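Structure first, commentary second.
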There are 2 protein chains.
Amino acid sequence: MIRPLTQDETRSLLMEGSVGRLGCIDNGAPYVVPISYVFHDDNIYVHSLVGRKIRALRKNSRACLQVDQIKDEYHWRSALAFGLYEEVTNEQERSWALRRLLSRFPQLTPVESVPVHDGQSSVIVFRVRIEETSGVGEG
Amino acid sequence: MIRPLTQDETRSLLMEGSVGRLGCIDNGAPYVVPISYVFHDDNIYVHSLVGRKIRALRKNSRACLQVDQIKDEYHWRSALAFGLYEEVTNEQERSWALRRLLSRFPQLTPVESVPVHDGQSSVIVFRVRIEETSGVGEG
C-alpha cells in the first residue's frame, strides 16, 4: 500500500538522486523536464541554457523537483521538493555550483564547463530554494 | 547538442513508455508525480486512488505527461504531452481502460483489479486527451 515517506526518507531520496523532473508553470499550464541537479543546504542547484523552462520560471518562479527510485510499479519511492526559482548571479556562488555540478557530472561538455573559468556564458545557474518537501512510497 | 525530436520520435517515446511523470497545478504551484499509463488513440489512460493529484486535477484540468529514456546525462530523450484531464465514467470505456492497464501492469493488486469486474470502486480512471506534444533529445 502507498504510504507517506518520513522527512528523513524524503531528504535521503533528494540527496542521493542526481536526475529529477523539474515542474514549473508555463503560460498557465504545467511543464515538466528532466534535469541533473545537486542538492545542497536546502537548495537544488541546476545549470541550463536559456530555453522554455528558464523563460517560464522567470515569469513564474514556483517550481518543484520530483525525484524517484522505481524498481517496479509496486516498489517505488517518490520525493517532491517545492520552492522558488532564483538565478544565481553572485560569481562566487555560481562558480561553486558549477564546480559541484561538474564534479558530479564529469561528462559536462567543454562549452558548459567554460563558465567555471571565464565567467562569461549563456549558461544559467539557478537554484530552487526548498520551502516544503513531501514523499510517498510503496512496497 | 540538444535537438528537438520529430513528431514520430516523440510519439514513439510516449507509446513505448509505461512510466511517466504527470504534471499538474495544485493551488497555483506545479505538482509532479510518477504514474503508470497506457497510451491509446491520443489519450493517456491512468488509474489512481483519490489523492492530491486527483483533487488538483479536478480543480484545474491542465495536465502534462513527461516520458523519457535516459542513458546518461548526455544521451537522453524526453517527450511531453499536454492536454486536459477527464475522468472516465462510461462503464464500457472504464472497463476497457482498466483491462489495458491490467494487461500492461500484471502486478496490479486484487483491490485495484476488482473494479474491472464489479464496477464499484474508489479507483479513478482518467485520461489526458492530448492536444499538443513536444520532444527534445541529446546524443
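Nothing in this text is a laboratory measurement; each read-out follows from the coordinates by a stated rule. Model, not experiment: these values are computed from the prediction. Using ideal geometry, Cβ is built from the backbone for each residue, glycine included, and neighbour counts are taken over all protein chains shown.
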Query raised in the report: Where the label is 7 Å out from Cα toward Cβ, how close does A:ARG104 come to the same position in every other copy, in nm, shortest first?
Result: 3.1
Query raised in the report: Using Cα-only point scatterers and the Debye equation, what is log10 of I(q)/I(0) for the stretch A:20-69 at each q in 0.21, 0.22, 0.32 Å⁻¹, rounded to two decimals?
Result: -0.74, -0.81, -1.39
Report summary line: So the number of lysine pairs in the protein assembly as shown with alpha-carbon atoms under 23 angstrom apart, 8 or more residues apart or on different chains, is 5
Requested in this report: Go through B:PHE39, B:PHE82, B:ILE124 and say which Cα lies farthest out towards the positive end of the charge dipole of the stretch B:3-138; charges sit on Cβ, +1 for Lys and Arg, -1 for Asp and Glu.
Outcome: B:ILE124
Query raised in the report: Gaussian network model of chain A, Cα springs within a sub-10 Å range: biggest mean-square fluctuation belongs to which of A:ALA29, A:ALA97, A:ALA63?
Result: A:ALA29
Report summary line: Under a Gaussian network model of chain A whose springs join Cα atoms within less than 10 Å, the largest fluctuation of A:GLY83, A:GLY23, A:GLY51 belongs to A:GLY51
Query raised in the report: Mind checking the mean number of beta-carbon atoms from other chains within 10 Å of the Cβ atoms in A:125-135?
Result: 0
Query - chain B: Cα Rg divided by the 2.2 N^0.38 Å rule of thumb - result: 1.08
Query - Label point distance in nm, B:LYS71-A:ASP42, each placed 7 Å from Cα along Cα→Cβ - result: 4.1
Query raised in the report: According to a simple spin-label model (label point 7 Å from Cα along Cα-to-Cβ), what is the distance in nm between A:GLU132 and A:ARG100?
Result: 2.4
**Report entry** Degrees separating the helix B:91-104 axis from the principal Cα axis of chain B, which is the longest one
**Finding:** 60
Query raised in the report: From the backbone phi of the stretch A:46-60, what are the Karplus-calculated ³J(HN,Hα) couplings (6.51 cos²θ - 1.76 cosθ + 1.60, θ = phi - 60°) in whole Hz, Gly and Pro given as x?
Result: 9, 10, 6, 6, 6, x, 4, 4, 5, 4, 5, 5, 5, 7, 9
Query raised in the report: When N is the residue count of the protein assembly as shown, what does its C-alpha Rg come to as a fraction of 2.2 N^0.38 Å?
Result: 1.02
Report task. Could you grab the relative contact order for chain A? Cα pairs under 8 Å, six or more apart, rounded to a whole percent. Result -> 34
Report summary line: A student applying the Cα gyration tensor rule (rounded when a/c is under 1.5; otherwise prolate if a/b is larger than b/c, oblate if not) would label the stretch A:39-100 prolate
